[in-house]
Structures are given as C-alpha cells and as structure tokens.
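For reference, the structure is listed below as structure tokens.
The values are calculated or read from the model by the stated rules, or taken from the named source; none is laboratory data. It should be emphasised that the depicted structure is a prediction, and the values quoted were computed from it without experimental measurement. Cβ coordinates were reconstructed from backbone atoms using ideal geometry, including for glycine residues, and neighbour counts include every protein chain displayed. Ligands, DNA and RNA are stripped out before the accessible areas are found, and what is left, the full protein with its side chains, is counted by its heavy atoms. Shrake-Rupley method; radii C 1.70, N 1.55, O 1.52, S 1.80 Å.
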Amino acid sequence: MRQTQRKWPKSYPAQGGGRTGRSTRRGPRALAAAVLAGAAVFTLPATAGPAAAAAAPHGPRLAVPVGSWTATVVREGARYDVTLSFGADRSVCLVSPAGASKGRWHRTGPAAFDYGIREYWRDANGTVEGWVDIAQSAKQTGASFAGSGVSTVHAADGTVEATVPVSITAVRTGPPNGAPCA
C-alpha cells in the first residue's frame, strides 16, 4: 500500500501509536477517517424511553448504536483511540486527536449500521486545510462492535488526495454525549 501518513494532520499519531512529530497542528483528518471505519451498537432495553424507541422502530430488542463508545482506529500508518457518541436522533459525534466532528448514522440490519462523518482540518488560524469523509459499516457482537470502511482525504480545494481503508473496534461506555459536537 502507498504510505499515506503525510496526508493526515500532524495532530494524529503515527504507526505504533507515536506522534508524527508535528503536534502543534490541530486538524480532524486522520481521526475522522478512522472513526468512520467503525461503529458501536447495543441492545435497547424494553424500558427505554420514547427517543430510544424512535431510533428502534421495529422493537426493543434490535441493536442500535445509541450511546457513547471508546474505539481504537487502525489505518495505514497509524493506530489511535477515539470516542464516538450515537444519538437517538441518528446524529453521531466523533472526538479524535483533531477535535470534534459531526455526522449521521442509520441501521442496516438487526445488529448492523452505517455512519458517515465529515472531519475538517484547520490550521492554527482556523483556515480549512482539507477534510476527510468517513464512511463506515459496523456490526455488533455483545457490548462491542467492529467496523470497516473507507476514508476519503480531500485537499482544501476539494481535490481527492487519498482513499484509505480503515477499521475500528469499540466498546460501549454509557449514554450518548453529543456535547463536544454542539
């Protein structure tokens, strides 16, 4: 595979969990790509409220990703941890080394769902340097999930710089918390 570490913001760790050596740059490129590669789900209890029921219209035993998750993202050249929060309103919030980014999720089966997130990378002055579109499919097993997908890296002018396969594993940690993306 072609080395793509140079395409990711300096705030993302390099292979083996180390830093790239450019920690002053804060951008959402790499994490968004990694997070979009995976998702998390849990079994909705029968006593869940109306918002949760709306997210699971086919009954209370279907798996939905509503809740917060800690996840490990693996892509070419890097491995790092992120946090995902899936809301009953089908929103998803990703918190990565580059910051917080928003997206949407939808169920694709009894224990499966897809999600997408756009993570912008900005320089120290707030100017957009590029972005990554994360597209992931995930499947639940118990209180965890595994997912995979593709992250598409864009330059500031919209030119596609790279398409990167990403995988993710996650464990549910609690109720949804979309505050970082508000």
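Assorted remarks:
- Residues of the stretch 162-182 satisfying the condition of being out of contact with any helix residue (DSSP H, G or I) (no Cβ under 6 Å at 6 or more places or on another chain) and among the β-branched types (Val, Ile, Thr): THR163, ILE168, THR169, VAL171, THR173
- Subset of the stretch 69-84 that is touching a Phe, Trp or Tyr at 6+ places or on another chain (Cβ under 8 Å) and of a type in the set (Ser, Thr, Tyr) - its residue that is most open to solvent (accessible area, probe 1.4 Å): THR83
- Of the residues making up the stretch 142-170, just one is within 15 Å of ALA112 (Cα to Cα), among the hydrophobic types (A, V, I, L, M, F, W, C) and outside any strand (DSSP E or B), namely ALA143.
- Single residue of the stretch 116-148 satisfying the filter (open to solvent by 60 Å² or more (accessible area, probe 1.4 Å) and hydrophobic (A, V, I, L, M, F, W, C)) that is nearest to VAL74 (Cα to Cα): ALA143
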